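Here is the structure we will look at.
The values are calculated or read from the model by the stated rules, or taken from the named source; none is laboratory data. Nothing here was measured: the structure is a model prediction, and the numbers come from that model. Reconstructed Cβ throughout: ideal geometry from the backbone, glycine too, with neighbour counts over all protein chains shown. We work out accessible area using only protein heavy atoms, side chains counted, and drop any ligands, DNA or RNA first. Shrake-Rupley method; radii C 1.70, N 1.55, O 1.52, S 1.80 Å.
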Amino acid sequence: MTAPVAEERHTISVLVDNEPGVLARVIGLFSGRGYNIESLTVAEVDRGSSLSRITVVTTGTPMVIVQIKAQLSRLVPVRQVNDLTEENPHHIETELALVKIVASGEQRVEALRIADIFNARVDDTTLQSFVFRVAGTSETVDRFIDLMRALGETDIARTGVVAIARGADRT
Amino acid sequence: MSKDGLTGSEIVLRALVDQGVDTIFGYPGGAVLPIYDALFQQNSIKHVLVRQEGGAVHAAEGYARSTGKVGVVLVTSGPGATNAVTGLTDALMDSVPVVCLTGQVPTHLIGNDAFQEADTTGITRPCTKHNYLVKKMEDLPGVMHEAFHVARSGRPGPVVVDLPKDILQGIGAYQGPEKFSQTKYQPQIKGDLSQIEKAVDAIAKAKRPIFYCGGGVVNAGPRASQLLTEFVRLTGYPCTLTLMGLGAYPASDRQFLGMLGMHGTYEANLAMYNCDVMINIGARFDDRVTGKLDEFSPNSTKIHVDIDPSSINKNVSVDIPIIGDAGHVLEDMIKIWKARQCRPDKDALKDWWSTIEDWRGKNCLAYEPGAKVIKPQQALERLGAAIKGREDVFITTEVGQHQMWAAQFLPFDKPNHWMTSGGLGTMGYGLPAAMGVQVAHPDALVIDVAGEASILMNIQEMSTLAQYRLPVKVFILNNEYMGMVRQWQELLHGGRYSESYMESLPDFVKLAESFHAVGLRATKPDELDDVIGEMLEVDRPVIADIMVDKAENCFPMIPSGAAHNEMLLGPDDQVEKPISEEGMVLV
Ligand SMILES: Cc1cc2nc3c(=O)[nH]c(=O)nc-3n(C[C@H](O)[C@H](O)[C@H](O)COP(=O)(O)OP(=O)(O)OC[C@H]3O[C@@H](n4cnc5c(N)ncnc54)[C@H](O)[C@@H]3O)c2cc1C
Ligand SMILES: Cc1ncc(C[n+]2csc(CCOP(=O)(O)OP(=O)(O)O)c2C)c(N)n1
Ligand SMILES: [Mg+2]
């Protein structure tokens, strides 16, 4: 038996024509072929433009990652596929989360202190709760959420990863 | 035609005509009545009325595969569209260019569970190359032209255009295809020259080479098959073809080793296993071909030419990938081979061929012809003898043992003359496909090699044959079993023939007659030639019911999960290792 090939995590940026069904096509491709989606975000690249950018974070063996890119490129409305992890290992990746915490007393003070360390902004306050807005890599957001969970009841909304290559080159 | 423009339906038909369409296969219904009305008032497009929408798609596939043109289907919304799904999936798997126009409820009712509404673009998204829902009148001409462009360019495939009834009845302006020539979908056709040079280098240095070619060569057009033949002969190397590639290289040629794969020949599979350079042109390393992946051709340098990057490194990692059209790449390969005055390694090649001849000497397709009972192989050999030398023969098949025997025993010397459902393996494909072929080639001899189970899946199309006087010959190898299922049950499930026998079969002779066709039957070997003779003689649709040995199995066979060198050659060759658990879960 050959040793199992390790899975890698890749962030893939997909520029697509802004047409109905294009997101369903991309998602259907992943579910239909059994690929993983860790996170997926989509939005128009600018208002009125006919393009959207889909950022997918996926995991798979190197052969599967190559397949994913080839399969994405094959979709008719897909204009461009960039594997940021491969092409631009130091690309910028960020995620935003809104974290609601219900806590009182010392927990409440601690929550504020941690939010300060993470540069999280307070978007809403009541006497029983805060809503923090935190941004950073997925790991940063994970850590922030874990700390908040230790302090009280939480509600979480995350955007998923958006990413872009460093430098002047445009994708 | 109205004063201010054309109706949507008229635009659809104009676009079809401008795309070179002269025939469509369809079935009417409420949502497409405007198109049927427009069809009624014109003469450029012939409409063939099938008996079930599934038949329309297979007919379009047969039409497309035998002509190289795009096959066109027209069906209504809801059940019309859902009936087309199997055919669309079939066309996707086998890379057949088809445009399927589906009716849809009017735009303002979409999403309301209106009468005969189905989410056609949603349902067909995973089984088409692309699909469109036309929601605005002004998009209609562009979408129609783009649909044809997408269906036929690159790796061909099925495209659905969903047409709401209000669009068909609305008024708009038509624009011709020239307006849309710069569409965004432009697959790579020319292969990378430095890769091609590397490939030619490896090919020239090979000691135990093999060409393994497939449906992609057929897709690339008849010239690609000529180029393949030229290149294979130039090198003197052996060549094997997949089920989908049969005809891309002449079967009668000495350098042809027969089909490879699960039911391929001993010589082809062993040559694949033992080769040092594999030249794959337009084949997709399908599991029916590779067998056990870890042991697939373990010591070879692999060259893979394919127009679809997603076919490359999908199942098997290759050493020299070349993305491009088979015809263009072959042309470059030949040019470089000639310019460099490449010469194959004569001594090595002589040794290689002598090994191959030993394998060939096993005569792996041999069978015992019956004296009392017709062997299916025998029936096909007699059929092969009867059509030998005829240029105008097209063979389609259903799915099962008969399909494999047809692939093994009938000779295919030209591309586009063999249509079978390979990737999806759709029982019921053969009859409607033959119908589509016959529509495209009215004077040709079109034979559907069928099983008695498969033929019942689209038997209704016999009625279409009668209506359009299409003299298709249905040659049933009747073993009163779902033979292929029975064979797997015998080999893998302890002979427990669960639900694989065919009881209460119709009398196919009477069935033929009731469909205004000729019914014939052979039950003994000495009746074969007469029945075949008469079948070929009459200028009407025929069902020939050939009663064959019920217990015959199709060999050679690579059991699922086994490697190329673990082939079973015949009934005495029992499965040596018990089939592994891994193998048992494979289809
Ligand atoms: C019961 C049963 C048994 C079977 N047993 C066998 C068997 O023993 N042996 C066998 O071979 N098959 C067998 N098959 C068929 C098998 O399932 C596959 O359909 C077949 O092997 C695929 O053929 P292919 O590799 O030629 O690919 P195709 O499906 O024909 O695909 C063509 C490939 O060429 C590429 N291509 C398309 N156009 C071009 C172009 N212009 N230029 C370059 N590339 C292009 C495509 O991207 C694709 O990768 C069986 C099927 C059934 C139903
Ligand atoms: C639509 C469909 N259903 C089921 C199958 C599975 N299947 C493959 S071959 C086969 C039996 C075919 O029987 P028959 O047409 O009599 O051909 P034979 O194998 O006997 O030659 C079946 C059921 C299939 N390929 N297609
Ligand atoms: Mg049968």
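Taking Lys and Arg as +1 and Asp and Glu as -1, the other residues whose beta-carbon sits under 14 Å from that of B:Ile110 total -2. Calculated FRET efficiency, B:Arg223 to B:Asn299, Cβ-Cβ distance, R0 = 51 Å: about 0.95 to the nearest 0.05. When the pairs B:Lys190/B:Lys335; B:Lys190/B:Lys338; B:Lys207/B:Lys414; B:Lys388/B:Lys550 are compared against a 21 Å limit on Cα-Cα distance, B:Lys207/B:Lys414; B:Lys388/B:Lys550 fall above it.
Quantify, in whole percent, the carbon and sulfur part of the accessible surface of segment B:130-215 (1.4 Å probe; protein heavy atoms only). About 50 percent, which is the carbon plus sulfur part of the accessible surface. For the protein assembly as shown, the dipole from Cβ point charges (+1 on Lys and Arg, -1 on Asp and Glu) about the Cα centre works out to 1440 debye, to the nearest 20.
Seen through its C-alpha gyration tensor, with square-root eigenvalues sorted a ≥ b ≥ c, segment B:1-70 comes out oblate because a/c lies at 1.5 or above while a/b is not bigger than b/c. Listed cross-link partners B:Lys302/B:Lys346; B:Lys184/B:Lys314; B:Lys165/B:Lys510; B:Lys198/B:Lys346; B:Lys46/B:Lys129 are compared with a 32 Å cut-off, the Cα-Cα value being larger for B:Lys165/B:Lys510. With R₀ set to 56 Å, the beta-carbon distance separating A:Ser50 from B:Asp201 gives a calculated FRET efficiency near 0.80. Residues of segment B:293-311 buried by at least 30 Å² of accessible area upon assembly of all protein chains, compared with the chain on its own (1.4 Å probe): B:Ser310. Which aspartates and glutamates, if any, have their Cα less than 20 Å from the Cα of A:Lys100, not counting same-chain residues under 8 positions apart? Those aspartates and glutamates meeting the cut-off are A:Glu110, A:Asp116, A:Asp123, A:Asp124, A:Glu139, A:Asp142, A:Asp146, A:Glu153, A:Asp155. Each helix, a run of at least 4 DSSP H residues, gives -39500 (n - 2.57); summed and divided by the residues of the protein assembly as shown, these come to -10500 deg cm²/dmol at 222 nm.
Considering every alpha-carbon pair of chain B, the percent of pairs per 20 Å bin, from zero through the bin containing the longest distance, is 21, 51, 27, 2. Placing +1 on the Cβ of every Lys and Arg and -1 on the Cβ of every Asp and Glu, with no other charges, gives chain B a dipole of roughly 1340 debye about its Cα centre.
Here r is the Cβ-Cβ distance between B:His108 and A:Ser39 and R0 is 41 Å; the resulting FRET efficiency, rounded to 0.05, is 0.65. Rounded, prolate or oblate: which fits segment B:61-188, taking a ≥ b ≥ c as square roots of the Cα gyration tensor eigenvalues, rounded meaning a/c under 1.5, else prolate when a/b beats b/c? Oblate is the answer for segment B:61-188, as a/c is 1.5 or above yet b/c matches or exceeds a/b. Each Lys or Arg adds one and each Asp or Glu subtracts one; over the other residues with Cβ under 10 Å from the Cβ of A:Leu15, this totals +1. Label zone (B:Arg340, point 7 Å along Cα-to-C-beta; backbone nitrogen cut-off 18 Å) within segment B:184-199: B:191-199. Mark the label point 7 Å from the Cα of A:Glu86 along Cα→Cβ and return the residues of segment B:317-349 whose backbone N is within less than 19 Å of it. What the label zone holds, given the 19 Å backbone N cut-off, is B:317-324.
The alpha carbon centroids of segment B:26-59 and segment A:98-160 are separated by 62 Å. Protein heavy-atom accessible surface, 1.4 Å probe, per residue over the protein assembly as shown: 43 Å². Taking a straight Cα-Cα cut-off under 16 Å and skipping sequence neighbours fewer than 8 places away in the same chain, the aspartates and glutamates within cross-link reach of B:Lys362 are B:Glu267, B:Glu566, B:Asp572, B:Asp573. In this structure B:Ile189 has an accessible area near 60 Å², from a 1.4 Å probe over the protein heavy atoms. Both chains summed, the buried accessible area for A and B stands near 1300 Å², from protein heavy atoms and a 1.4 Å probe.
Comparing the full protein assembly with the isolated chain (1.4 Å probe, heavy atoms, ligands and nucleic acids excluded), the residues of segment A:72-94 losing at least 40 square angstrom of accessible area are A:Arg74, A:Val76.
Only protein atoms count toward the accessible area here, which uses a 1.4 Å probe; on segment B:442-515, the carbon and sulfur part of that area reaches 50 percent. Which of rounded, prolate or oblate describes segment A:85-134 when judged by the alpha-carbon gyration tensor and an a/c cut-off of 1.5? Here segment A:85-134 falls in the prolate category.
Expressed as a whole percent, the accessible surface of segment A:1-81 that belongs to carbon and sulfur atoms is 55, based on a 1.4 Å probe.
For segment B:122-144, heavy-atom accessible area (probe 1.4 Å) falls by no less than 30 Å² from the chain alone to the full protein assembly at B:Arg125, B:His130.
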